[in-house]
Amino acid sequence: MHVPYFGGKEKEYLIECIDSTFVSSVGPFVTQFEEQIASYTKSQHGIAVVNGTAALHTALNILGVQKNDEVLTQGLTFVATANAISYCHALPVFIDVDIDTMGLSPTALSLFLDENAEMKNGKCYNKLTNRRISACIPMHTFGFPCRIIEICEICKQWGIPVIEDAAEAIGSTYKGQKMGTFGEIGVFSFNGNKVITAGGGGALVTNSKELGLKAKHLTTTAKAPHPYEFHHDALGYNYRMPNINAALLCAQLEQLDHILSNKRDLALKYKDFFEGSSNQFRWELENTKANFWLMCIELESQEERDHFLKQTNDNNVMTRPIWQLMFRLPMYASCQRDPQKNAVFLENKIVNLPSSYRKNG
Ligand SMILES: Cc1ncc(COP(=O)(O)O)c(C=O)c1O
């Protein structure tokens with residue numbers, strides 16, 4: 001569905017990294033990448049980690065999400081979003097998405113909070129379960145920006161910090177501002193299937209110095225800085241991105257704008273191709289720019305979708321349905337959720353198309 005493109009200085013940087021012998025979690029490429037991602041997203045701080053899931057886990061952790069808390073997120077997402085919440089021994093609550101953005105719906109979020117939440121001592125609680133609602137994770141599905149401004153406004157009213165799961169949305173923007181920079185923390189994935197890749201990798205971005213320092217500390221086993229002593233002042237994680245992955249990623253980040261424009265050309269070709277057909281090619285909304293990570297069409301019905309999936313895959317064109325909704329998975333079946341009407345609609349109709357960089361344009 002999405003093949004990586006290595007058209008820049010990837011090999012040069014990898015050889016430099018190997019020759020330096022600094023291939024593990026200390027080395028100049030990690031710091032260089034952190035500076036580059038902060039600068040690219042116009043954030044104050046960038047922290048490089050081993051993958052997007054670890055970035056989400058760290059973000060929840062440093063925002064103080066505790067055991068038995070609840071975290072609001074969308075039911076239509078990749079399982080890592082919900083898993084990171086579970087790693088904190090907190091419970092995901094699944095809110096519906098908007099049909100047009102495929103991301104968290106501010107209308108559904110507001111409705112859920114009005115019906116289920118109350119403020120106690122400046123904190124938001126679920127009236128039904130008595131649990132604290134300690135974070136909200138909207139996700140930009142396939143790189144299409146969700147209604148992040150409205151979501152942040154609603155969360156602010158309820159004292160809920162926002163972590164943007166921008167794992168799929170590097171380079172996507174709302175009114176020119178990069179996705180991942182609207183909430184308290186933004187999270188990216190650089191898995192092999194993403195727009196740019198470190199083999200495996202992830203990052204957090206934030207404008208808070210305190211959160212930035214905490215993220216770096218926690219992801220480097222919470223080791224107190226010292227030339228030779230081993231003192232760890234908290235339960236930390238070995239989540240720091242290795243230098244060898246960062247070397248690859250520094251080269252990839254240099255290529256990002258070029259990759260995005262190549263992918264946009266492909267998106268325009270699909271748009272033309274599907275013009276006038278009953279299969280609607282998903283395009284970006286006003287004021288937004290999608291990175292077109294995974295391009296998709298909306299079929300007319302589930303039967304049409306299944307027919308399309310079979311025809312294409314039988315003819316060696318890889319197409320995929322959307323993920324199974326979170327409440328269908330055994331570990332999340334009993335979690336609280338709203339009716340998920342739009343998520344089910346999309347689950348039945350959306351198909352991803354081959355979306356890779358095209359070497360010959
Ligand atoms: C929405 C979403 N969140 C989180 C992740 C997790 O990222 P990673 O695979 O780097 O752990 C991914 C991608 O894999 C994703 O698509």
Could you tell me how many of the residues in the range 130-171 are of a type in the set (A, V, I, L, M), within 16 Å of the ligand (Cβ to nearest atom) and part of a helix (DSSP H, G or I)?
2
Counting only residues that are closer than 30 Å to residue 290 by Cα and surrounded by fewer than 23 Cβ atoms within 10 Å (Cβ to Cβ), how many does the range 109-122 have?
4
Yes/no for residue 298 being among the charged types (D, E, K, R) and either under 21 Å from the mean Cα position of the chain (by Cα) or surrounded by 13 or more Cβ atoms within 10 Å (Cβ to Cβ) (or both)
yes
Give all pairs with beta carbons closer than 6 Å in which a residue from the range 181-193 that is in contact (Cβ under 8 Å) with a residue 12 or more places away in the chain meets a residue that is of a type in the set (Gly, Ala, Ser) and more than 13 Å from the ligand (Cβ to nearest atom); count only pairs at least 6 apart in sequence or on separate chains.
181/43
Would you say residue 238 is more than 28 Å from residue 106 (Cβ to Cβ), within 12 Å of the ligand (Cβ to nearest atom) and surrounded by fewer than 23 Cβ atoms within 10 Å (Cβ to Cβ)?
no
Inter-residue pairs, beta-carbon under 6 Å, first more than 22 Å from residue 156 (Cβ to Cβ) and in the range 66-94, second among the acidic types (Asp, Glu) and more than 14 Å from the ligand (Cβ to nearest atom), 6+ apart
91/70
Determine the pairs where a residue that is over 10 Å from residue 59 (Cα atoms), located within the range 207-219, has a partner that is acidic (Asp, Glu) with Cβ atoms under 8 Å apart, the partner being 6 or more residues away or on another chain.
208/184
Within the bounds of the range 33-40, is there any residue that is in a loop (DSSP other than H, G, I, E, B) and of a type in the set (Ser, Thr, Tyr)?
no
Mind checking which helices (runs of 4 or more DSSP H) fall wholly inside the range 48-121 and carry at least 2 residues that are of a type in the set (Val, Ile, Thr) and within 12 Å of the ligand (Cβ to nearest atom)?
52-62, 79-87
Checking the conditions here, which among 43, 24 is under 23 Å from the mean Cα position of the chain (by Cα), in a loop (DSSP other than H, G, I, E, B), more than 14 Å from the ligand (Cβ to nearest atom) and more than 23 Å from residue 83 (Cβ to Cβ)?
43
Take the residues in the range 21-43 that are in contact (Cβ under 8 Å) with a residue 60 or more places away in the chain and surrounded by fewer than 14 Cβ atoms within 10 Å (Cβ to Cβ); name whichever of them is nearest to residue 179 (Cα to Cα).
42
Restricting the range 174-189 to residues that are surrounded by 18 or more Cβ atoms within 10 Å (Cβ to Cβ) and over 10 Å from the mean Cα position of the chain (by Cα), the one farthest from residue 163 (Cα to Cα) turns out to be 174
For the range 172-213, what are the residues that are assigned to a loop (DSSP other than H, G, I, E, B), more than 11 Å from the ligand (Cβ to nearest atom), among the hydroxyl-bearing types (Ser, Thr, Tyr) and more than 16 Å from residue 136 (Cα to Cα)?
172, 208
Condition check for residue 48: surrounded by 17 or more Cβ atoms within 10 Å (Cβ to Cβ), in contact with a strand residue (DSSP E or B) (Cβ under 7 Å, 6 or more places away or on another chain), under 30 Å from residue 339 (Cβ atoms) and modelled with pLDDT of 95 or more:
no
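The values are calculated or read from the model by the stated rules, or taken from the named source; none is laboratory data. All values reported here derive from a predicted model rather than from experimental measurement. Counting neighbours? That spans all protein chains shown, and the Cβs are built from the backbone with ideal geometry, glycine included.
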